[in-house]
1. For R267 and K394 in the same chain, what is the full-extension length gain: residue separation times 0.36 nm, less their Cα-Cα distance, in nm?
2. Between V140 and E185, with labels modelled 7 Å along Cα→Cβ, what's the label distance in nm to one decimal, could you check?
3. Kindly rank 680-687, 373-380 from highest to lowest mean number of other beta carbons found within 10 Å of each residue.
4. Run a plain Debye calculation on region 53-318 (Cα atoms as equal point scatterers, no solvent) and give log10 I(q)/I(0) at q = 0.09, 0.12, 0.13 Å⁻¹, rounded to two decimals, same order as the q list.
5. Classify region 329-631 as rounded, prolate or oblate from the Cα gyration tensor: take a ≥ b ≥ c as the square roots of its eigenvalues, call it rounded if a/c is under 1.5, otherwise prolate when a/b beats b/c and oblate if not.
6. With the calculation restricted to Cα positions, what are the radius of gyration and Dmax of region 173-227 in angstrom?
7. At 0.36 nm per residue, and after removing the present C-alpha to C-alpha distance, how many nm does the segment from D125 to V677 gain when stretched out fully?
8. 7 Å from Cα along Cα→Cβ at both N608 and D345: what's the point-to-point distance in nm?
Amino acid sequence: MIQFIEKQQLFHLTTPQSSYVMAVADGEWLGHLYYGPKLADTTGMEKAFRLNEFPFSPAVNERDKVRFTQLFPFEYSFFGMGDYREPCLSVENEYGMNGVELTYRSFEIIPGKVIPEGLPHTRGDEACCDTLDLLMADDVLGLDVHLLYTVYQDLDVIVKSVKVVNRSDAPVTLKRVLSGQLNQEPEECEVLTLHGSWGRERTITRQPLMTGSVSAESLRGVSSAEDSPFLAILSPGTTQTMGEVWGMSLIYSGNFLAKAQIDQAGRLRCVMGIHPEGFSWPMVPGDTFQSPEVALVYSGEGLGKMTRTYHDLYRSHLIEKRWLTQDRPVLVNNWEATMMNFDTDVLIGFAKAAKEAGLDMLVMDDGWFGHRDDDTSSLGDWFVDERKLKGGLKKLTDAVNEMGMKFGIWVEPEMVNEDSELFRAHPDWRFQLPDRKPGALRQQYVLDLTREEVWEGVYSQIHDTLASANIAYVKWDMNRYLSDVGSMVREPGCQGQILHQYVLAVYRMQERLLKDFPDLLLENCSSGGARFDAGMLFYSPQIWTSDDTDAIERLSIQEGTALVFPVSTMGAHVSVCPNLQTGRDVPFNTRAKVAMAGTFGYEMDVRNMDPEEKAMIPEQVALFRKVHPVVREGDYYRIASFRENHHSDCWMVVTKDRSLAYMTYVQVLAAANRPGVPVRMQGLDPDAAYEVICDYKGAMAAHNGEMSMGPEASHHLGRFNGDTLMKHGIIVPRVRGDYQALMYEIKKV
Ligand code: DGJ
C-alpha cells in the first residue's frame, strides 16, 4: 500500500511485514526516514530529520546550506551541491559543469506496474502492486527526475527505478544515474556480497562495516563471475532464521556498482545501479533516460526469509509465467564429454543412450558450425559444418525427434573470431578503438550489437538456424568480457552510451528470439555463470551456474546463487569423475543429488559409462521428476553450509502448502567417532504429522560399491511431528566415507 500523509508531507509504503517511509523536509528536500518492520502509524516520524538541531536546515535555521547537504539523508542523492557521500545522480551541463540539485515537486500513485522500456523488469497488475511516481526536479538544468517505487501487496519487496527527462532547451550529459539508494542508521552492521571468479561464482562473503565503504562492481561489460549485482546489509550475527536483512538486487546484466558507505555521522548509505565508469549519456532537449530496476527486500527473520522473498518475486513476477509450472527437460549435453570433437553419429549415439536412460533432450554444444574444431575459428558463422553434421541440422534433429527426444543447440551470437567468414566480410563489426588492435580473449572479439546492421546480420543467422529444424532449447553462451569498446560509426560524445546500449541490444535480441520462437526454452550462460543475474532471468528461466561441475565445489556455488536466485533457475548437471576442473572423485549418487538442487541433466558420455552408474540414471531421473515440482514451486530453506561448518551441507525444499518436503544432506568430510547429529528442519507445519523416509541404506550401499539407490534401499524412519522435526530435528546418521549424500522425503500424513 502507498499512503501520502499530507500533514506530515510523508510517504508510507507498506508491504505485508515492512514499512518504507520518506518525507519532504522544508517543502523541498526529499529525505529517507525509515525502512524496517511494519509500522502501525507514522505520527511524529518527520521529527527524525532533526531540522532544529545539527545538521540544521538552511530554511529553518538560516545556517550554512552545505552543513545540511553533507548530512541530510537524501532519498535519492545528487552530486555537486555539497553532499560528499556516494551519489546516485551526477549531471554535466552543456559547458561541462557538474552540479545538480533535486527538490521535490509532486507525486502520483499509479495502479499496477510502470514498465521500463527496453529493460527487463518485474511484472504485476493492479491486483498485486501499485507504483508511486515521485517527481523531483532541477529547474536550473531543466531536468525532471521520476523516482518510481513499485510496492507489492503480497511480498516484502519494493522495486525502484529512475526516469530522467530533459525538459530544458539545452543539452545535458548524465554522468551517473544509479537505480536506487538504501539509507539506514545502524549501530553496527555487516555487508554481504557474492564474490568469486570463473569456476567459483557467487561465493557468499560477509564483512563488518564500521567506517568507509564496501563495494561490489563490474567493469567487464557483463554482470560477471567476480561480483554479482547484489548486496545485503545484515544486523550483526544474522543467521538463516534470525536477524534483520536489507537486500538490494539489480535487474541488469552489464557493468554495475553496488556500494555501502558509512558517513561521518555513522549513517549508512547503499547505492546500486549502472557503473558510472565508462558511462556518459548525452541528452538533447526532450530526451528520456530510464534506469534498470533494483529490488529491495526487507526481512526481520534472517537471510532465509530474504531468500524466499526474492525467489517468489523472481519466479512469479520476473521470469516468464509459464516456467513456474512447466516441467524442465532432463537433458544430456555433450560438451564435457566431446568438446568440439563430434559428428552426427556421435550425437545420435548420445541421443540413443540418453533415451534408454529416460532423458528428454539432447543438447549439442559448441563446435557444430563454420569449420570450428577449436576456439580459434568460426564464431559469427552460424551455418552447419557439413564435415561434422552430414546432411545438415534438420536431418540430425529429425533423427533425434524420431527417438522421442527433444533437441537443443548452443550458440554464441555476441562474438566473432578473426578466422570467420563474418569477420572477413565485416572486419569493422567488432568493438575496436581507432589505431589500436583490440585484445582477444579466448581468441574471440565482441560484436558491436549496438549497430543496427550488425544486430540484424547476427540475428538473421540465428533466426534462420532455429527456423531450419525443430529446436526446443537454446543455450546462449557469452565467453569473454568486453574490452576496446568503441564504435566508429557514432557521433563524437556518444561513446559513453555504448556499454549500456550493448546490454539493451542483447536484451532486444533475446526478446525477439522468444517472440519468433515462443515455445523455446532459453538457457543463458557466460563462461559458466558470469552473467547469472536477474536481468537475464527475464528472458531465460534457467542459467548455467558454473563451468565447475564438481559436486563438492558446487555446494558453495549453488548456496551463494540460491541466496538470491530461485533454485529452479540454476543449471546443474551430473558430470564425469575425476572431475574435469578439480580432479576429484565424488560418488555418482552425490553428483546427482547436488545437481537435483537446480535444473537437472547429464554432461558426460552416456554411451560409454560405467554400467553400474548407467543403471542408476533411470532411478535418478525418476527421483528428479518427483523432487523437481517442489524445487520449482516450493520454498527453499538453507539448513547447513559446508562453507561455514567445514563438514556438511544441507538444504530443503518444501511445498507451499507444507505437505511435502525433500531435504538433501551432503556429508562432505567423514569423521571418526562422530555420532549422528540432529539436523533441524525448517518450513514444516508444526501441528502436522509427517512420515520421513531416507535413502540412508543407499548411501551406505554406495560406499560399499553397490551403488543401488532404488526404493528397496530406502529407509522408513517413521512418523514425526512437524514441530519436533523443526525444534529437535532428525538424527542424520554418520555415513562412512567422504562426499556422501542422503535425501529425505518428508510427507504430511
Ligand atoms: C562455456 C560454457 O560454460 C560451457 O558449458 C560450454 O558451452 C563452453 N563455453 C563452450 O565453448
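1. Values: separation 127, 0.36 × 127 = 45.72 nm, distance 6.20 nm.
Working it through step by step, the gained length comes to 39.5 nm.
2. Rounded to a tenth, the inter-label distance reads 2.9 nm.
3. Numbers: 680-687: 17.9, 373-380: 20.5.
Output ranking for 680-687, 373-380: 373-380, 680-687.
4. These q points yield log10 I(q)/I(0) values of -0.41, -0.75, -0.89.
5. Numbers: a/c = 1.90, a/b = 1.53, b/c = 1.24.
It is prolate, given that a/c is not under 1.5 and a/b is the larger ratio.
6. 13.9, 39
7. Numbers: separation 552, 0.36 × 552 = 198.72 nm, distance 4.72 nm.
Additional length available on full extension: 194.0 nm.
8. For N608 paired with D345, the spin-label model returns 1.3 nm.
Every read-out reported here was derived from the displayed coordinates using simple, explicitly stated rules and does not represent laboratory data. Source: prediction; values computed, not measured. Reconstructed Cβ throughout: ideal geometry from the backbone, glycine too, with neighbour counts over all protein chains shown.
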